[in-house]
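Inspection log for the structure reproduced underneath, given as structure tokens.
The values are calculated or read from the model by the stated rules, or taken from the named source; none is laboratory data. Note that the structure is a prediction, hence the values are computed from the model and not measured. Backbone-built Cβ (ideal geometry, glycine too); neighbour counts: all protein chains shown.
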Amino acid sequence: MIKSGIDQEALIAMLSSASARQGEMVRASVRDVTLKALQGRELTLQNIRKVLSTVTAAASAGALKNAAPAIDVEALLEQTLTGMDDALLKAVEANRMALQQFVDQGVNLQESQLKKALGDLERFEDALFNSVSKGSVDAGDRVQAMWQPVLDAMRMKGTATGATADATAQQLMGQMQTAMRASRAAGLRAANAMAQNYAALVSGVLIGMSEALKAGQGGSGAGRKGSSSSK
């Protein structure tokens, strides 16, 4: 069954047959599946939550079906959660590159779309935790009990997505504030230069006006003399 761009049956089959030694394979597969689903839609928080919820549901179903001897379900789900984190990290990087283009073009921090984009970026980690947590609750007590220690441990140490998103937002805001200060400083320097040179500027204009007036008067005098001679 394909949901949110994800082949749930394939993901369930992989998780249900994974052995304790295949943790890295699970992580890589979940990352790739999640990333592919994210790439196939507009990267909004709503779509991110849908994809993460779908992955959580499939992973939970697969973990429940896993009958491998001595399987560590918690470790399996930890790799699943890390795989989702890896995919979101790529989404953070895509956002950073797009936002950097706006900053380079001088877009102001107060622009509503830019503020929203930065705010959404800082909520990626919450989207991950909330989607997995809600998905585990919706799947029942047994699934929730499997996921809870994994979520608690990840919340304690934090995600790569959260750390990178926070750093990215701080970096971009710092760049925009620096650009704004530079712009204000340039405007102030121009105003100071104009104020300092204003008197000289006015004098120059006045001199030009006086010279033009004298030239006009000279021309008028010559005209009158010519008129008198003709008489």
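Among Gly119, Gly140, which is the only one that is loosely packed, with under 14 Cβ neighbours inside 10 Å, out of contact with any Pro (no Cβ under 8 Å at 6 or more places or on another chain) and over 21 Å from Leu89 (Cα atoms)? If you could, list the steps in order and put the result at the bottom.
On the way: Gly119 fails: over 21 Å from Leu89 (Cα atoms).
Selected residue: Gly140, the only one of Gly119, Gly140 that is loosely packed, with under 14 Cβ neighbours inside 10 Å, out of contact with any Pro (no Cβ under 8 Å at 6 or more places or on another chain) and over 21 Å from Leu89 (Cα atoms).
Filter region 4-32 for residues that are part of a loop (DSSP other than H, G, I, E, B) and among the polar types (S, T, N, Q); which is modelled with the lowest pLDDT?
In the first step, residues of region 4-32 are kept if they are part of a loop (DSSP other than H, G, I, E, B); the result is 4-5, 18-22.
Those left that are additionally among the polar types (S, T, N, Q): 4, 19, 22.
Details: Ser4: 59, Ser19: 74, Gln22: 78.
Within region 4-32, the match that is modelled with the lowest pLDDT is Ser4.
Kindly indicate whether Ala75 is surrounded by fewer than 18 Cβ atoms within 10 Å (Cβ to Cβ), hydrophobic (A, V, I, L, M, F, W, C), more than 19 Å from the chain's Cα centre (by Cα) and closer than 24 Å to Asp152 by Cβ. Quick ask: steps written out before the conclusion?
On the way: surrounded by fewer than 18 Cβ atoms within 10 Å (Cβ to Cβ): yes; hydrophobic (A, V, I, L, M, F, W, C): yes; more than 19 Å from the chain's Cα centre (by Cα): yes; closer than 24 Å to Asp152 by Cβ: yes.
Spelling it out, Ala75 is indeed surrounded by fewer than 18 Cβ atoms within 10 Å (Cβ to Cβ), hydrophobic (A, V, I, L, M, F, W, C), more than 19 Å from the chain's Cα centre (by Cα) and closer than 24 Å to Asp152 by Cβ.
Tally up the residues in region 62-81 that are in a helix (DSSP H, G or I) and over 16 Å from Val150 (Cβ atoms), please. If you could, list the steps in order and put the result at the bottom.
Residues of region 62-81 in a helix (DSSP H, G or I): 62-65, 73-81.
Now restrict to residues that are over 16 Å from Val150 (Cβ atoms): 65.
Selection size over region 62-81: 1.
Restrict the check to region 95-109 and report whether at least one residue is within 26 Å of the chain's Cα centre (by Cα), surrounded by 13 or more Cβ atoms within 10 Å (Cβ to Cβ), β-branched (Val, Ile, Thr) and within 22 Å of Leu11 (Cβ to Cβ). Spell out how you get there, then give the answer.
So the first thing to find is which residues in region 95-109 are within 26 Å of the chain's Cα centre (by Cα), and the list is 95-109.
Those left that are additionally surrounded by 13 or more Cβ atoms within 10 Å (Cβ to Cβ): 95-96, 99-100, 102-103, 107-109.
Still in the list and also β-branched (Val, Ile, Thr): 103, 107.
Narrowing further to those that are within 22 Å of Leu11 (Cβ to Cβ): none.
No, region 95-109 contains no residue that is within 26 Å of the chain's Cα centre (by Cα), surrounded by 13 or more Cβ atoms within 10 Å (Cβ to Cβ), β-branched (Val, Ile, Thr) and within 22 Å of Leu11 (Cβ to Cβ).
Looking at (1) crowded, with 22+ Cβ neighbours inside 10 Å; (2) among the aliphatic types (A, V, I, L, M); (3) in contact with a strand residue (DSSP E or B) (Cβ under 9 Å, 6 or more places away or on another chain); (4) at pLDDT below 90, find the lone condition where Met1 falls short.
(1)
Results for (1) assigned to a helix (DSSP H, G or I); (2) at pLDDT below 90; (3) β-branched (Val, Ile, Thr); (4) closer than 22 Å to Leu52 by Cβ, shown as yes or no for each residue.
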site	(1), (2), (3), (4)
Gln101	yes, yes, no, no
Asn108	no, yes, no, no
Lys115	yes, yes, no, no
Leu118	yes, yes, no, yes
Glu125	yes, no, no, yes
Leu128	yes, no, no, yes
Val132	yes, no, yes, yes
Ser136	yes, no, no, yes
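Output the number of the condition that Leu35 fails; it satisfies all remaining conditions of (1) closer than 20 Å to Asp166 by Cα; (2) modelled with pLDDT of 90 or more; (3) under 18 Å from the mean Cα position of the chain (by Cα); (4) among the aliphatic types (A, V, I, L, M).
Unmet for Leu35, out of (1) closer than 20 Å to Asp166 by Cα; (2) modelled with pLDDT of 90 or more; (3) under 18 Å from the mean Cα position of the chain (by Cα); (4) among the aliphatic types (A, V, I, L, M): (1).
Being modelled with pLDDT of 60 or more and over 22 Å from Gln100 (Cα atoms) is the requirement here; does Thr159 meet it? Quick ask: steps written out before the conclusion?
On the way: modelled with pLDDT of 60 or more: yes; over 22 Å from Gln100 (Cα atoms): yes.
Answer is yes for this residue.
Considering only region 6-14, I want to know if a residue exists there that is closer than 19 Å to Arg155 by Cβ, of a type in the set (A, V, I, L, M) and surrounded by 15 or more Cβ atoms within 10 Å (Cβ to Cβ). Even if it seems obvious, please write down each step before you answer.
Applying the first criterion (closer than 19 Å to Arg155 by Cβ) to region 6-14 yields none.
No, every residue in region 6-14 fails to be closer than 19 Å to Arg155 by Cβ, of a type in the set (A, V, I, L, M) and surrounded by 15 or more Cβ atoms within 10 Å (Cβ to Cβ).
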